[in-house]
1. Look through A:GLY31, A:GLY120 and report the one residue that is closer than 17 Å to A:CYS282 by Cβ and either at the interface with another protein chain (Cβ under 10 Å from one of its Cβ atoms) or touching a residue at least 40 places away in the same chain (Cβ under 8 Å) (or both).
2. Six or more apart or on different chains, Cβ atoms under 8 Å: show the pairs whose first residue is in segment A:35-48 and among the acidic types (Asp, Glu) and whose second is in a loop (DSSP other than H, G, I, E, B).
3. So which residues in segment B:204-222 are among the polar types (S, T, N, Q) and either in contact with a His (Cβ under 6 Å, 6 or more places away or on another chain) or assigned to a helix (DSSP H, G or I) (or both), if there are any at all?
4. Count, please, the residues in segment A:190-242 that happen to be out of contact with any helix residue (DSSP H, G or I) (no Cβ under 8 Å at 6 or more places or on another chain), buried (at least 24 other Cβ atoms within 10 Å of the Cβ) and not aliphatic (A, V, I, L, M).
5. Residues that are over 24 Å from A:ARG157 (Cα atoms), among the hydroxyl-bearing types (Ser, Thr, Tyr) and out of contact with any strand residue (DSSP E or B) (no Cβ under 7 Å at 6 or more places or on another chain): list the helices (runs of 4 or more DSSP H) wholly contained in segment A:257-337 that include at least 3 such residues.
6. Being touching a residue at least 40 places away in the same chain (Cβ under 8 Å) and farther than 29 Å from B:GLY82 by Cα is the requirement here; does A:LYS14 meet it?
7. Please tell me if B:GLY108 is of a type outside the set (A, V, I, L, M, F, W, C), closer than 22 Å to A:ALA114 by Cα, crowded, with 24+ Cβ neighbours inside 10 Å and in contact (Cβ under 8 Å) with a residue 60 or more places away in the chain.
8. Looking only at segment A:87-117, count how many residues are more than 8 Å from chain B (Cβ to nearest Cβ) and β-branched (Val, Ile, Thr).
Protein chains: 2
Amino acid sequence: MEKRTGRTIRLQKKIRFAGCASIAGPMEGEGPLGSCFDQVLEDDLWGENTWEKAESKMFYEAVRLAIAKSGMSMEDMHFLLGGDLLNQLIAASFAARQIDIPFLGLYGACSTMAETLSLGSMLLDGGFAEQVVCCATSHFSTAERQFRFPLEMGAQRTPTAQRTVTGAGATVLTSKYGPGPYITHVTIGRVVDFGIKDANNMGAAMAPAAADSILTHLEDTQTRPEDYSAIFTGDLGTFGLEILRDLLIKAGVDPKDVLRDCGAEMFAPEQDTHAGGSGCGCSGITLNGRLIPELQKGELDRILFIATGALMSTVSSQQGESIPGVAHVVQIERGAQ
Amino acid sequence: MEKRTGRTIRLQKKIRFAGCASIAGPMEGEGPLGSCFDQVLEDDLWGENTWEKAESKMFYEAVRLAIAKSGMSMEDMHFLLGGDLLNQLIAASFAARQIDIPFLGLYGACSTMAETLSLGSMLLDGGFAEQVVCCATSHFSTAERQFRFPLEMGAQRTPTAQRTVTGAGATVLTSKYGPGPYITHVTIGRVVDFGIKDANNMGAAMAPAAADSILTHLEDTQTRPEDYSAIFTGDLGTFGLEILRDLLIKAGVDPKDVLRDCGAEMFAPEQDTHAGGSGCGCSGITLNGRLIPELQKGELDRILFIATGALMSTVSSQQGESIPGVAHVVQIERGAQ
């Protein structure tokens, strides 16, 4: 079966990015990528009476905007693939009730953006759809109170802690002819657990899964890090990124300056977010607001996008469980313009 | 594109059920389907120290058993698609760390079994895999304390309340030649919200989504209810099933005695579970323990399997939200044996 080498799928059709949208929170807007985003919220309630409703609104508006930017309409979309970090995926599913598109809810923690793109591109390549829209969202204030502490408590954060990004990224993919960039390969990750139990050190929990998926992808495609303009992980943060670098070097692959992380580049040092950004919106808005435009402008030529997820809940942590991770690889190429 | 008519996908390959496993809780084992299940637990902790760990063990063991029954091995499986009802999908993802198969986490509430089969069959039909394993699990004791009340409280239940089924259903699907039954069509559902706010009346919340997906499927395939041996919804329960019947009749489609519900048939009246079973394990163990064997024996010829999900969380209910529903349709045929 030529579509599959090892665990990596090589797409036969040109699956292209037809529309990308990014909506970011106030603090993300003040960061180094602020000018990349389509919309920066002035406050993170965005006119709603709860943060959860604001998060769901971000999902909806990002989907709407990505479709508008593609020049198509809701009716042209054959599937909506999306998810978020909230219990029972309420940000995505409450947005989806306003969106008349068949809905596939996905949960991959912070790997969600890559999971939606992987499945979406296979559904297009297989001829089951001609256009799909993919979306991932996260929100600092909803995640803090769900996973950590009430914001009102003002808890001290550890140096390895990351800040959940408030943001929604949405992508319209199509198999119809047009300019790139294109998704060319996907590698779905296995769940990997190295026994990390510190919920304030998610980067360390996710790095082994990222290493496993990246090494698999490089081997399956017979490529090396220097064959890519950049290898962007989702939200390992500064500590997790160094662990990943060490793991790759130990495996005989030195990624040099090609290896980067969306979370580590989301905020400026003076914003004092400790180890960087996290959340599935982190890689979602970086991909749609920054990486795809950079590919379109020719500033990047061929990248790996590896959103990384830490698979845990407050209950699993309370029950003494470690934190497994998962990471899916999406290879994106600029292609002929 | 001949693979798609309206919202319905017609699979080109024969996607067949190669191995089915069902693990059920003690009360499910005492019900009318008790003899159908591969394994009935004597107690719902199954040797673990928490119910959550027992639920994760059910997922793992169901996957393992379905693969064993298919005559294949873990290494033959190209994707694991699965989910559960717990926050952040911990039952599925903690099981997945012991399973060396690329993992796609799905969340569709109680529609999960149909979501895994829909996506799994498209991945096979598109040539991205030759074998996949699909699994959905739920557990009465974990669901009660997460969604409702601590069991120790002994809260009174309303007549429309359903009982979350303790059970895990797993299916190995393959595109390789062999005897049926086969998945022939899938219809992915839209999210539908009729404004139901009573979390003890999930059947009413899910019935409109089920009606939307069934009517769409019948129209797209130009079929009528009498063309099927049975149309099985997932877990509408006795009240939700009657609402669905009314909605279909109002739309000009009388399903007569073809329309049935896994939840309504899971428990005997004397088991006093009020409106019946629910949870994604309900349709999961019914499909794998009962419906597929009945198709294999020729007692059923052609069915629609429509697992139905209520998309809500405790937070959304506390914030005054209604409960949207989603339902995915999987058409399964006995085929030549």
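The values are calculated or read from the model by the stated rules, or taken from the named source; none is laboratory data. The model shown is predicted, which means the values in this text are computed figures rather than measured ones. Reconstructed Cβ throughout: ideal geometry from the backbone, glycine too, with neighbour counts over all protein chains shown.
1. Working: A:GLY120 fails: closer than 17 Å to A:CYS282 by Cβ.
A:GLY31 is the lone residue from the list that is closer than 17 Å to A:CYS282 by Cβ and either at the interface with another protein chain (Cβ under 10 Å from one of its Cβ atoms) or touching a residue at least 40 places away in the same chain (Cβ under 8 Å) (or both).
2. Correct list of pairs: A:ASP44/A:GLY25; A:ASP44/A:HIS139; A:ASP44/A:THR166.
3. Here is the first cut: in segment B:204-222, the residues among the polar types (S, T, N, Q) are B:213, B:216, B:221-222.
Hits for segment B:204-222 are B:SER213, B:THR216, B:THR221.
4. Within segment A:190-242, residues that are out of contact with any helix residue (DSSP H, G or I) (no Cβ under 8 Å at 6 or more places or on another chain), buried (at least 24 other Cβ atoms within 10 Å of the Cβ) and not aliphatic (A, V, I, L, M) number 2.
5. Numbers: elements: A:262-266, A:280-286, A:292-296, A:314-318.
In segment A:257-337, no matching helices (runs of 4 or more DSSP H) lie anywhere.
6. Working: touching a residue at least 40 places away in the same chain (Cβ under 8 Å): yes; farther than 29 Å from B:GLY82 by Cα: no.
Considered against the rule, which asks whether it is touching a residue at least 40 places away in the same chain (Cβ under 8 Å) and farther than 29 Å from B:GLY82 by Cα, A:LYS14 comes out as no.
7. On the way: of a type outside the set (A, V, I, L, M, F, W, C): yes; closer than 22 Å to A:ALA114 by Cα: yes; crowded, with 24+ Cβ neighbours inside 10 Å: yes; in contact (Cβ under 8 Å) with a residue 60 or more places away in the chain: yes.
Taking the combined requirement at face value, the residue satisfies it.
8. Of the residues in segment A:87-117, the ones more than 8 Å from chain B (Cβ to nearest Cβ) are A:91-92, A:95, A:98, A:110-114, A:116-117.
In the following step, the residues that additionally are β-branched (Val, Ile, Thr) were identified as A:112, A:116.
Final tally of qualifying residues: 2.
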